[in-house]
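Peer 1: The structure under discussion is supplied below as structure tokens; questions concerning it will follow.
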Amino acid sequence: MDEITKVVRDYIIREYVQEGDDREISETTPLLSSGLVDSFSMVSLLRFLEKKYAIHIPDADATPEAFDTVQRIVALVRRFHRAGVGSV
């Protein structure tokens, strides 16, 4: 697991998985469509990523589909990081 994937996955587990929830969170686990992450949580995750990686993800790209799995979130972070300050 690369660094960005680990950061995103760990953040989701820390912030959104309730104690006692034995759900396994992998790179392809549905987040929004399963109800694990809601639209308000998605906004806080977006802000966390923008601050952590010094990027800006436009609203048009911050869609529920783009935030539905760790894998998609990582792809989004990489796309905007490369566009701004180099590869991650």
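Rule-based calculations on the coordinates, nothing more; no lab input. As the structure is a prediction and not an experimental result, all values here were calculated from the model. Here the Cβ is made from the backbone with ideal geometry for all residues, glycine too, and neighbour counts use every protein chain on show.
Peer 1: If you take the charge dipole of the chain about its Cα centre, with +1 on Lys and Arg Cβ and -1 on Asp and Glu Cβ, which of 37, 20, 8 is farthest toward its positive end?
Peer 2: Of the listed residues, the answer is 8.
Peer 1: For a quick check, take a GNM of the chain with Cα springs below 10 Å and name the residue from 15, 27, 50 with the largest mean-square fluctuation.
Peer 2: The residue with the greatest mean-square fluctuation here is 15.
Peer 1: In deg cm²/dmol, rounded to 500, what helix-only [θ] at 222 nm does the chain give when every DSSP H run of at least 4 residues adds -39500 (n - 2.57) and the total is split over its residues?
Peer 2: After summing the helix terms and dividing by the residues of the chain, the value is -16500 deg cm²/dmol.
Peer 1: Turning to a different aspect of this structure: May I ask you to compute the full-extension gain from residue 13 to residue 51, defined as 0.36 nm times their residue separation minus their alpha-carbon distance, rounded to one decimal in nm?
Peer 2: Stretched out fully, the residue 13 to residue 51 stretch lengthens by 11.8 nm.
Peer 1: Residue separation times 0.36 nm, minus the C-alpha to C-alpha distance between residue 33 and residue 60: what's the value?
Peer 2: 7.8 nm
Peer 1: Okay, moving on. Explain nothing, just the number: dipole magnitude of the chain about its Cα centre with +1 on each Lys and Arg Cβ and -1 on each Asp and Glu Cβ, in debye rounded to the nearest 20. Don't skip to the end; give the middle numbers.
Peer 2: On the way: 11 positive and 15 negative charges, 91 e Å.
Value, rounded to 20: 440 debye.
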